[in-house]
Amino acid sequence: MLKSRLFYLLSKYNLRINSDLGQNFLIVDDIIKREIERAKIKANESVLEIGPGLGFLTDELSKYAKKVYAVEKDSRLVEILQKEYSWENVEIIHGDALKVEFPQFDKIVSNLPYQISSPITFKFLKYDFKRAVLIYQLEFAQRMIAKPGDKNYSRLSVMVQAKADVELVEKIGKGAFYPKPKVDSAVIILEPKPKEEQIELDERLVKALFQHRRKKASKALKDSYHMLGLTKEEFKKIREIFEKIPHAEKRVFQLSVEEIKDIEEFLMKEQILS
Ligand code: SAM
């Protein structure tokens, strides 16, 4: 049903799909239904959606939420949404989701444009909200949920899990979208941890470590000292300190978020990081 509606709208507005904006439209009703169920939207809650596209998910969200804020970058789609729907509780925000200030919201439900997956996720985590149900590229989703020691455990896993609980709840094949993307997708539920449990990590340190994910932590940092802002001369004077970092013998891909925090605190005490 969604597929025929999509083709109807594409032809009515003579719309050419812009793949640079990650325009792969979800055309399976059941997946939209499950996204809504998983979001557990209460009647008094507001929902943020990034990239409403032709409004299929937005339309369902509008039936459950008090208010939906839908941020769309493509002005052609904004115009179509305004013409096709007469929602009273949906505010369409025309702009780049990476640049606009979000209004206050309780939940996020989005089929994300994949090219902004990383920056938009970190932007979400700066806001105070209860739960997000998000569709990402499968490979990205697998990195988000990977645990220490997993082959997909990466900087992204560390930075996301320091702030939130993440769960991959459903894999989605390419055929669920039009046009078909090149990659499979997955639904992620992301719930920010209570503020007091969130761990702030120095991104330079995490970057410097994961530059050499298979090396021992001490060696990885010695090999990327410049990423900590040290000059060659400064590094030469203090290089033996890196042997004394906590968990020095562990391989980077085995370090938990808490262990990376231990390393950060040690380097701050030694005034290598500030
Ligand atoms: N929600 C629709 C659906 O599920 O079929 C469309 C999802 S499509 C994967 C991504 C949408 O995000 C497109 O409508 C695209 O124009 C929009 N978009 C891409 N980059 C954006 C950005 N930086 N800010 C806001 N919207 C963006």
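Report every pair of residues separated by at least 6 positions or lying on different chains whose Cβ atoms are under 6 Å apart, first residue within the range 108-127 and more than 10 Å from the ligand (Cβ to nearest atom), second not charged (D, E, K, R). Listed by first residue and then by second, the contacts come to ILE108/LEU48; ILE108/ALA132; SER117/TYR136; SER117/PHE140. When LEU57, LEU21 are checked against the criterion of being aliphatic (A, V, I, L, M), within 8 Å of the ligand (Cβ to nearest atom), in contact with an Asp or Glu (Cβ under 7 Å, 6 or more places away or on another chain) and under 16 Å from GLU79 (Cβ atoms), a single residue qualifies: LEU21. Given the criterion in contact with a Lys or Arg (Cβ under 9 Å, 6 or more places away or on another chain), within 9 Å of the ligand (Cβ to nearest atom), in contact (Cβ under 8 Å) with a residue 40 or more places away in the chain and closer than 28 Å to LYS174 by Cβ, identify the matching residue among ALA39, ALA97. Result of the check over ALA39, ALA97: ALA97.
Can you give me the number of residues within the range 236-266 that are aliphatic (A, V, I, L, M), within 29 Å of the chain's Cα centre (by Cα) and under 14 Å from ALA220 (Cα atoms)? Residues meeting the conditions: 4. Could you list, in sequence order, all residues of the range 80-128 that are open to solvent by less than 40 Å² (accessible area, probe 1.4 Å) and basic (Lys, Arg)? Matches in the range 80-128: LYS107, LYS123. Going residue by residue through the range 82-93, is there one that turns out to be touching a residue at least 60 places away in the same chain (Cβ under 8 Å) and within 12 Å of the ligand (Cβ to nearest atom)? Within the range 82-93 (the criterion being touching a residue at least 60 places away in the same chain (Cβ under 8 Å) and within 12 Å of the ligand (Cβ to nearest atom)), the answer is no, since none of the residues qualifies.
If you take just the helices (runs of 4 or more DSSP H) that sit entirely in the range 164-258, which of them hold at least 2 residues that are open to solvent by less than 60 Å² (accessible area, probe 1.4 Å) and in contact with a helix residue (DSSP H, G or I) (Cβ under 7 Å, 6 or more places away or on another chain)?
Details: elements: 203-210, 217-223, 232-238.
In the range 164-258, 203-210, 217-223 are the helices (runs of 4 or more DSSP H) which contain 2 or more residues that are open to solvent by less than 60 Å² (accessible area, probe 1.4 Å) and in contact with a helix residue (DSSP H, G or I) (Cβ under 7 Å, 6 or more places away or on another chain).
With respect to the conditions (1) of a type in the set (A, V, I, L, M); (2) in contact (Cβ under 8 Å) with a residue 12 or more places away in the chain; (3) over 16 Å from LEU21 (Cα atoms), ALA146 lacks only one, and its number is (2).
This table checks each residue for (1) within 23 Å of ASP20 (Cα to Cα); (2) of a type in the set (A, V, I, L, M).
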position	(1), (2)
VAL71	yes, yes
SER75	yes, no
ILE80	yes, yes
LYS83	no, no
SER86	no, no
ASN89	no, no
ILE93	yes, yes
ALA97	yes, yes
VAL109	yes, yes
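Would you be able to say whether some residue in the range 68-83 is small (Gly, Ala, Ser) and over 19 Å from the mean Cα position of the chain (by Cα)? Checked the range 68-83: at least one residue is small (Gly, Ala, Ser) and over 19 Å from the mean Cα position of the chain (by Cα). For the structure I just gave you, tell me whether ASP202 is touching a residue at least 24 places away in the same chain (Cβ under 8 Å) and within 21 Å of PHE266 (Cα to Cα). Yes: the conditions hold for ASP202.
The values are calculated or read from the model by the stated rules, or taken from the named source; none is laboratory data. Quick caveat: nothing in here was measured; it's all calculated off a predicted structure. Positions of Cβ are generated from backbone atoms using ideal geometry, with glycine treated the same way; all protein chains shown enter the neighbour counts. Each accessible area value is taken on the protein alone, full model and side chains, heavy atoms only, with ligands, DNA and RNA left out. Shrake-Rupley method; radii C 1.70, N 1.55, O 1.52, S 1.80 Å.
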